[in-house]
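Q: The structure follows.
The values are calculated or read from the model by the stated rules, or taken from the named source; none is laboratory data. Fair warning: this is a prediction, and the values are worked out from it, not measured in the lab. FYI the Cβ positions are ideal-geometry reconstructions off the backbone, even for glycines, and counts take in every protein chain you see. With ligands, DNA and RNA removed, areas are computed over all heavy atoms of the protein, side chains included. Shrake-Rupley method; radii C 1.70, N 1.55, O 1.52, S 1.80 Å.
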Number of protein chains: 2
Amino acid sequence: MRDLSRDNRFLSINTATLRRERPLGEVVAALAKAGIPGIGPWREQIQAIGIQAAAKLVGDHGLVVSGVSRAGVFTAKGRAGLQEMLDDNRRAVDEAAGIGARCLVLIGGGLIPGSRDIADSRALFAEGLAALLPHARAAKVPLAIEPLHPMYAADRAVINTLAQANDLCDALGEGVGIAVDVYHTWWDPNLEQEIARAGARRILAFHLSDWLVPTTDLLLDRGMMGDGVIDLRRIRGWVEASGFEGLCEVEIFSQRNWWQRPMDEVLRTCVERYRTVC
Amino acid sequence: MRDLSRDNRFLSINTATLRRERPLGEVVAALAKAGIPGIGPWREQIQAIGIQAAAKLVGDHGLVVSGVSRAGVFTAKGRAGLQEMLDDNRRAVDEAAGIGARCLVLIGGGLIPGSRDIADSRALFAEGLAALLPHARAAKVPLAIEPLHPMYAADRAVINTLAQANDLCDALGEGVGIAVDVYHTWWDPNLEQEIARAGARRILAFHLSDWLVPTTDLLLDRGMMGDGVIDLRRIRGWVEASGFEGLCEVEIFSQRNWWQRPMDEVLRTCVERYRTVC
């Protein structure tokens, strides 16, 4: 297992940790100042300044883009709207390619609007993923399916377990992998075995945060690493035992706590926790 | 599949739907008046008047006790406190036996206090369950493991899937079964197969409510059947295809909506939804 305590070599920050509204230039400068080598930007930040300018920004600062958030959501407009979602996903692939991201992160999308058929919604996600794949392969952008916690199954993501993601990878082959986020998966009784099943080839991203007790909001109350109950080091051990050598990307949605603090303080805390509890 | 539209024959109301603080006598009278044949009381209500008085109440009104909520929680005081939890669980078995309940509902309990080791907490639950079983068998009270939604894994229940419950049943044999609650399990990609695996012998209780979009509280914002996104009839179909012939127990924790309404209105709505959307 890698020793994280000595430097920040494998650390990345998902920009949603700092409120995704911040302009990319501001975030990039803060990361460089904090000595953090990785960034996980959101599409909106890239679009705001254009792909070329975004690529130049991260390139000039020597940052590694551990992943771009986020695409997928093929269920959002139902079957009739799949083509529209595919067009948008192809643009997302181009954005990820343009800034040299290691992967594009995909989430399921919730139930098809008006539907109670979760199996059908999952099938539509699989259709969308298969249809997107040729474009992603051609652009050499690996697609990382990120299973979200089952509490998001209705309105955000019908892909909820690593087993589902692994099944999709089995079915689709080269070019599709998985983003393992401890927040979404820590409770899963099959976590260790599904991480092993995924292996280094499939695990394209590894996301860190913590589960607070109590959790006061379903979406925006994630904890800083060490402040919650997730056995972070054990899970990282499983991920690295599978052969994963990528970055550890901190992704914390925290409306009432971390989003209220100065960016430098948040980054300082991320570094300290990354080195001591992850 | 049973036709529920014509009468209330298979309907039961978990008393938490009416705020569990109501005295048992008041609830029993209201159920009888509403023509509802089943009740799922909480231990506190039985304890408040004593087992004999509670048994007489439900007996005089001819109610079926579809289950008693709730026991288990073997992790609550750690390994050192298991004996104390077992003593309490044996009293719960006696209460369930005393009022002729069809089962005693057990939930996992959260992580062992101070621990981040969910596997160890799950092992402690299994130990407690095994230790409780002889007493339950002697009292002829079936133990129904109720997997709770993964969002409760940290602080309420480390048993989160039907697969885990089935595994425990496999390991422990006669006297242990499962309570299937649509709220906790609807998202599970393996739901149909795990219901089939459980079969009629293991499915001891079937709980109804709905998942609202949006859900504003992790614990107290369950929906009335038909107001959310769960495919209730499909899941009931799977449960009945397994051979289940028991009651459908409505269990809705709804602090801001249904708990604010008069008991008669809530019961009327339960009956109407049970007949039309379940």
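Q: Can you work out which of the residues in the stretch B:154-168 that are small (Gly, Ala, Ser) and touching an Asp or Glu at 6+ places or on another chain (Cβ under 9 Å) is most open to solvent (accessible area, probe 1.4 Å)?
A: Only one residue tops the list, namely B:ALA163.
Q: So, one more: Looking at the stretch B:96-118, which of its residues are within 19 Å of the chain's Cα centre (by Cα) and open to solvent by less than 30 Å² (accessible area, probe 1.4 Å)?
A: B:ALA96, B:ILE99, B:ALA101, B:CYS103, B:LEU104, B:VAL105, B:LEU106, B:ILE107, B:GLY108, B:GLY109, B:GLY110
Q: With the checklist (1) free of Cβ contacts under 8 Å to residues at least 40 places away in the same chain; (2) under 29 Å from B:ILE235 (Cα atoms) in hand, flag the one item B:PRO142 doesn't pass.
A: (1)
Q: B:VAL229: within 9 Å of chain A (Cβ to nearest Cβ) and open to solvent by less than 20 Å² (accessible area, probe 1.4 Å), yes or no?
A: no
Q: Of all residues in the stretch A:64-87, how many are of a type outside the set (Val, Ile, Thr) and within 17 Å of the chain's Cα centre (by Cα)?
A: Total meeting the criteria: 7.
Q: Please tell me if B:ALA200 is surrounded by fewer than 23 Cβ atoms within 10 Å (Cβ to Cβ), more than 22 Å from B:THR276 (Cβ to Cβ) and modelled with pLDDT under 95.
A: So B:ALA200 fits the description; yes.
Q: Within the stretch B:168-176, identify whether any single residue is closer than 22 Å to B:GLU245 by Cβ, touching a Leu at 6+ places or on another chain (Cβ under 7 Å) and modelled with pLDDT of 95 or more, and answer yes or no.
A: Yes, because at least one residue in the stretch B:168-176 is closer than 22 Å to B:GLU245 by Cβ, touching a Leu at 6+ places or on another chain (Cβ under 7 Å) and modelled with pLDDT of 95 or more.
Q: Going by the conditions given, is B:ILE49 β-branched (Val, Ile, Thr) and open to solvent by 60 Å² or more (accessible area, probe 1.4 Å)?
A: yes
Q: Would you confirm, using the coordinates I've provided, whether A:LEU204 is under 18 Å from the mean Cα position of the chain (by Cα), away from every other protein chain (no Cβ under 14 Å) and among the aliphatic types (A, V, I, L, M)?
A: Against the criterion (under 18 Å from the mean Cα position of the chain (by Cα), away from every other protein chain (no Cβ under 14 Å) and among the aliphatic types (A, V, I, L, M)), A:LEU204 qualifies.
Q: Can you confirm whether A:ASP181 is of a type in the set (Asp, Glu) and closer than 30 Å to A:ALA131 by Cα?
A: It is true that A:ASP181 is of a type in the set (Asp, Glu) and closer than 30 Å to A:ALA131 by Cα.
Q: Within the stretch B:23-80, how many residues are aliphatic (A, V, I, L, M), touching a residue at least 60 places away in the same chain (Cβ under 8 Å) and over 20 Å from B:ASP94 (Cβ atoms)?
A: Of the residues in that region, 5 qualify.
Q: Which of the residues belonging to the stretch A:119-135 are open to solvent by 10 Å² or more (accessible area, probe 1.4 Å) and either more than 22 Å from A:ASP181 (Cα to Cα) or touching a His at 6+ places or on another chain (Cβ under 9 Å) (or both)?
A: A:ALA119, A:ASP120, A:ALA123, A:GLU127, A:ALA130, A:ALA131, A:PRO134, A:HIS135
Q: Turning to a different aspect of this structure: Could you tell me which numbered condition A:TRP211 fails, if it satisfies all but one of (1) crowded, with 22+ Cβ neighbours inside 10 Å; (2) more than 14 Å from chain B (Cβ to nearest Cβ); (3) of a type in the set (Phe, Trp, Tyr)?
A: Answer for A:TRP211: the failing condition is (2).
Q: Could you tell me which numbered condition B:GLY81 fails, if it satisfies all but one of (1) closer than 30 Å to B:PRO262 by Cβ; (2) open to solvent by less than 40 Å² (accessible area, probe 1.4 Å)?
A: (1)
Q: Is it the case, given these coordinates, that A:LEU219 is of a type in the set (A, V, I, L, M, F, W, C), surrounded by fewer than 22 Cβ atoms within 10 Å (Cβ to Cβ), part of a loop (DSSP other than H, G, I, E, B) and under 19 Å from the mean Cα position of the chain (by Cα)?
A: So A:LEU219 passes the test.
Q: For the structure I just gave you, tell me whether B:ARG70 is out of contact with any Ser or Thr (no Cβ under 6 Å at 6 or more places or on another chain) and buried (at least 19 other Cβ atoms within 10 Å of the Cβ).
A: yes
Q: Something else: For the stretch B:233-242, check the following and say yes or no: at least one residue is part of a helix (DSSP H, G or I), open to solvent by 10 Å² or more (accessible area, probe 1.4 Å), among the acidic types (Asp, Glu) and at pLDDT 95 or above.
A: Looking for residues that are part of a helix (DSSP H, G or I), open to solvent by 10 Å² or more (accessible area, probe 1.4 Å), among the acidic types (Asp, Glu) and at pLDDT 95 or above, one finds at least one in the stretch B:233-242, hence yes.
Q: I'm told A:ALA196 meets every condition in (1) more than 10 Å from chain B (Cβ to nearest Cβ); (2) within 17 Å of A:GLU249 (Cβ to Cβ) except one. Can you identify the failing condition by its number?
A: Evaluating A:ALA196 over (1) more than 10 Å from chain B (Cβ to nearest Cβ); (2) within 17 Å of A:GLU249 (Cβ to Cβ) leaves (2) as the failure.
Q: Sticking with this one: Using the structure shown, decide if B:ASP170 is at negative phi, part of a loop (DSSP other than H, G, I, E, B) and not basic (Lys, Arg).
A: No; evaluated as a whole, the condition is false for this residue.
Q: Inspect the stretch A:247-258 for any residue being in contact (Cβ under 8 Å) with a residue 24 or more places away in the chain, within 12 Å of chain B (Cβ to nearest Cβ) and part of a loop (DSSP other than H, G, I, E, B) and give the result as yes or no.
A: Within the stretch A:247-258, none of the residues are in contact (Cβ under 8 Å) with a residue 24 or more places away in the chain, within 12 Å of chain B (Cβ to nearest Cβ) and part of a loop (DSSP other than H, G, I, E, B).
Q: Mind counting the residues in the stretch B:156-193 that are of a type in the set (Asp, Glu) and either within 23 Å of B:THR15 (Cβ to Cβ) or more than 9 Å from every other protein chain (Cβ to nearest Cβ) (or both)?
A: Of the residues in that region, 3 qualify.
Q: Now a separate question. What is the residue count in the stretch A:142-153 for residues that are open to solvent by 20 Å² or more (accessible area, probe 1.4 Å) and within 14 Å of chain B (Cβ to nearest Cβ)?
A: Going through the stretch A:142-153 one residue at a time, the tally reaches 0.
Q: Every residue in the stretch A:11-25 that is modelled with pLDDT of 95 or more and surrounded by fewer than 21 Cβ atoms within 10 Å (Cβ to Cβ), please.
A: Within the stretch A:11-25, just A:GLY25 meets the criteria.
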